[in-house]
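Working notes for the structure below.
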Amino acid sequence: MKKNKYLDLIEISVIAALYVVLTIVVQPISFGEIQFRLSEILMLLVFYNRKYSVSLILGCLIANLWSPYLLWDMIFGTLATALSCLFMVKSKSLIVASIWPTIFNALIVGAEIAILSDISYLFCILTVGFGELVVVTIFGTIVFKTLMQNPDIKELICR
């Protein structure tokens with residue numbers, strides 16, 4: 001099947017928009033030292049198709065316009081997402097891929113929040129990391145393993 005660049009652009013845009021909406025809709029738990037950013041489940045798309053890296057990096061950047069840390073979150077939160085995408089693309093298993101957002105967000109976003117809020121770095125690492133672990137590694141891998149059993153969904157995501 002011939003690749004359609006316009007279809008790719010539409011898919012990338014829709015995923016970026018979905019990331020923003022999912023972040024904003026649950027805004028009270030999307031930001032801060034204790035966060036469960038439900039939109040992060042979409043990070044697992046990158047494991048199946050690297051084109052979604054653009055979606056998630058752009059979606060994160062835009063969603064962070066609503067962050068109480070605004071510019072800092074736009075820079076460092078987006079950096080954590082970009083690094084996660086880079087390592088997820090190289091991962092050989094979904095479980096390993098799901099750990100990267102936990103590591104990078106815990107370390108980078110945890111440091112950002114600790115510095116800007118004068119809260120313990122260890123506390124921020126643990127709380128941000130825990131939120132990512134729950135959303136991406138535990139919940140996300142279950143959802144994606146289930147979704148990928150459907151051949152139509154698998155073809156849609158992987159093409």
**Request:** Determine which member of the set G77, G59, G129 is in contact with a helix residue (DSSP H, G or I) (Cβ under 9 Å, 6 or more places away or on another chain) and in contact (Cβ under 8 Å) with a residue 40 or more places away in the chain.
**Result:** G59
**Prompt:** If you scan the range 106-159, which residues turn out to be of a type in the set (G, A, S) and under 17 Å from L45 (Cα atoms)?
**Reply:** G140
**Failed condition for Q27, given (1) within 22 Å of V143 (Cβ to Cβ); (2) modelled with pLDDT of 95 or more; (3) surrounded by fewer than 17 Cβ atoms within 10 Å (Cβ to Cβ)** = (2)
**Message:** Contact list please: Cβ distance under 6 Å, first residue in the range 8-22 and farther than 10 Å from Y52 by Cα and in contact (Cβ under 8 Å) with a residue 40 or more places away in the chain, second residue open to solvent by less than 70 Å² (accessible area, probe 1.4 Å) and among the small types (G, A, S), pairs at least six apart or on different chains.
**Reply:** Y19/S39; Y19/G59; V20/G59; V20/A63
**Asked** Can you tell me which of I10, I41 is surrounded by 15 or more Cβ atoms within 10 Å (Cβ to Cβ) and not acidic (D, E)?
**Response** I41
**Item:** Residue in the range 64-71 that is aliphatic (A, V, I, L, M) and in contact (Cβ under 8 Å) with a residue 12 or more places away in the chain present
**Value:** no
**Complete:** Exception for P28 within (1) touching a helix residue (DSSP H, G or I) at 6+ places or on another chain (Cβ under 8 Å); (2) more than 21 Å from S93 (Cα to Cα) falls at (1)
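Quick one: which helices (runs of 4 or more DSSP H) sit completely within the range 58-120 and have at least 1 residues that are open to solvent by less than 80 Å² (accessible area, probe 1.4 Å) and more than 30 Å from M148 (Cβ to Cβ)? Walk me through it before giving the result.
Details: elements: 78-90, 94-104, 110-117.
In the range 58-120, the matching helices (runs of 4 or more DSSP H) lie at 110-117.
The values are calculated or read from the model by the stated rules, or taken from the named source; none is laboratory data. Being a predicted model, the structure only gives us computed values, none of them experimental. Using ideal geometry, Cβ is built from the backbone for each residue, glycine included, and neighbour counts are taken over all protein chains shown. Ligands, DNA and RNA are excluded from the accessible area calculation, which covers all protein heavy atoms including side chains. Shrake-Rupley method; radii C 1.70, N 1.55, O 1.52, S 1.80 Å.
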